[in-house]
Amino acid sequence: MNDSLQNVRVRFAPSPTGYLHVGGARTAIFNWLWAKHNHGTFVVRVEDTDVERSTAESEKSLLQDLRWLGLEWDEGPDVDGEFGPYRQSDRMQTYRDYSERLINDGRAYPCFCREEDLEVKRKQAAAEGRAPQYDGSCRDLDSATIDARRAEGIPEVIRFRVPEGKVVFDDVVRGQVEMETSMVGDFVVLRSNSLPTYNFAATIDDHLMKISHVIRGEEHLSNTLRQILIYDALGAPHPRFVHVPLILAEDRSKLSKRHGASSVEELRAAGFLASAAFNYLVLLGWSHPQSEEVLTIEELISSFTIDRIGRAPAVFDRQKLVWMNGQHIRRLEPNEFYEHAAARLPGFVIDNYSESSCREIVAVLQDSVETLDDLDKLAAVFDPDVAYEEEAKEVLADPVATEVLDALRASLVDLGGDLTPETFKMVVKAVGKELGRKGKEVFFPIRAAVTGSIHGPDLSHICSIKGKDAVIASIDRVLS
Ligand code: GLU
């Protein structure tokens, strides 16, 4: 596809105050794909100006989760670029300089109102059914008053002077958006501890980092109003805004912890492949032009465009994610799948089988595994210490079972060489012929005796991997 734009620079800007939630992961994926689709630049910027809530562990886990999903960044922590540093806590002087500039241009002003007084006014406004906006008490202080308050050591914040009128912009997802500036009061850009607020720092950084598209959740729409006012005050153009719809849980409430796997870490722990989680998350709010669903990263890069992001909220459907994971597992080469599966094999497999048998086991299970968590249960058919399910016990209680197992035992003892899937099939066929029985009558007792279940992956492979002696031993155990 040759529809790429020039100079696409996008960013994912997490606040390191928690885990990477699936909503954040989807935002990161959309940004990354848009960068890749246009041979552009994907920036990760750590928004850690909330010093009380930001932690180094959270930053570490966010970055680790992004890497797990394959979202390597072109600029960001540990990857220097032209527009760094990429942690807001390392950019404080820049925000102060810009705040100074806004003050000098009359677009921002110091405010000395005490927090307690503001709180009283907010309550009063709420009681009277008004929006709790700043009332502008310090809007027009003269310089003598400002100097006097500073001399008294009264703490000050810097507020943006919100002009009257409205902001109109063209959102890629929502079309033309109009918002009255009266929706917001004069908002704080620098706090009394000189730290910037999110809206201020993000805007200055998006401007300085030459961000072309801001792709983020629609819960940020009212922030966009404030941010556009800041761009306008700086005389700077603003990026294209792409407000992505929310992700809802199946009960249509906002997806949260109580719905189970809502963080990337939980998805990984639950045995989902990164490629499947990635693929599934892209489909939350975006659709492929030909409605294809199971897609490789390359296919996603070439087909992803922001104009196909829909407006309707997306619903997180765990069953579909499980299905998607199975599809991705089926597409792996057996040795690739082994890389994912090896660490998840239960102890009885590791302890009783050689590495090459473990590889064969994993290859046999690859057809039926949906999430890596399933390996534990599905591998049970390879447990030398067979545990019999009820249905298997019933099959084995039938006299036909004894007849079949007796005959099979005899043939196996006579069989020279190792048991391969082919020789196993041959022997079973001969047993059936000899007894005048076929189909389930023959297979169920053997499967029940060898695996303890009457369901499972291909029996000839199971028996060949377990080996002739083990199969004979399971028969003996049943017959005695
Ligand atoms: N740090 C903000 C957040 O995590 C970023 C929002 C944005 O993309 O501007 O919500």
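Computed quantities for the displayed model
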item	result
Additional length obtainable on full extension of the chain from SER89 to GLU292, 0.36 nm per residue less Cα span	68.8 nm
Inter-probe distance in nm under a simple model that places probes 7 Å from Cα toward Cβ, at ASP97 and SER4	3.2 nm
Calculated on alpha-carbon atoms, Rg and Dmax of the chain in Å	31.9, 111
Contour excess over end-to-end distance, with Cα ends at SER192 and ALA151 and 0.36 nm allotted per residue	13.2 nm
Sorted by Cβ neighbour density within 10 Å, fewest at the top, the residues GLU266, GLU355	GLU355, GLU266
Per-pair calculated FRET efficiency, R0 = 51 Å: LEU118 and ARG331 via Cβ, rounded to 0.05	0.30
Pair ASP476, ALA342: separation of 7 Å Cα→Cβ label points (nm)	3.4 nm
Cα extents of the range 12-165 along the three principal axes, largest first (Å)	54, 37, 35
Charge sum, other residues only, whose C-beta stays under 15 Å from ALA127's C-beta, Lys/Arg counted +1 and Asp/Glu -1	+1
Cα shape, the range 314-429, gyration tensor, a/c 1.5 rule	prolate
Folded to 0 to 90 degrees: helix 22-37 orientation relative to the chain principal axis, Cα	80 degrees
Helix-derived mean residue ellipticity, 222 nm - over the chain, DSSP H n ≥ 4, -39500 (n - 2.57), to 500	-14000 deg cm²/dmol
Estimated FRET transfer efficiency when R0 is 41 angstrom, pair SER302-GLU390 (beta carbons, to 0.05)	0.20
Calculated P(r) tail over 18 Å for the range 329-385, as whole % of Cα pairs	20 percent
Under 17 Å from LYS393, Cα to Cα: lysines that are on another chain or at least 8 residues apart	LYS440
Square roots of five times the Cα gyration tensor eigenvalues for the range 91-244, Å	28, 20, 13
Principal semi-axes in Å for the range 197-317 [√(5λ), Cα gyration tensor, largest first]	30, 18, 14
Estimated distance in nm for a label pair at GLU164 and GLN64, the labels positioned 7 Å out from Cα along Cα-to-Cβ	5.5 nm
Hz values of 3J(HN,Hα) by residue in the range 383-397 - Karplus curve (6.51, -1.76, 1.60), Gly and Pro given as x	5, x, 8, 5, 10, 8, 6, 3, 4, 5, 4, 4, 4, 6, 6
Alpha carbon convex hull of the range 390-479, projected area averaged over orientations, nm²	4.9 nm²
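All of the numbers you see were taken from the coordinates with simple rules; none came from a lab. As the structure is a prediction and not an experimental result, all values here were calculated from the model. Note that each Cβ is placed from the backbone with ideal geometry, even for glycine, and that neighbours are counted across all protein chains shown.
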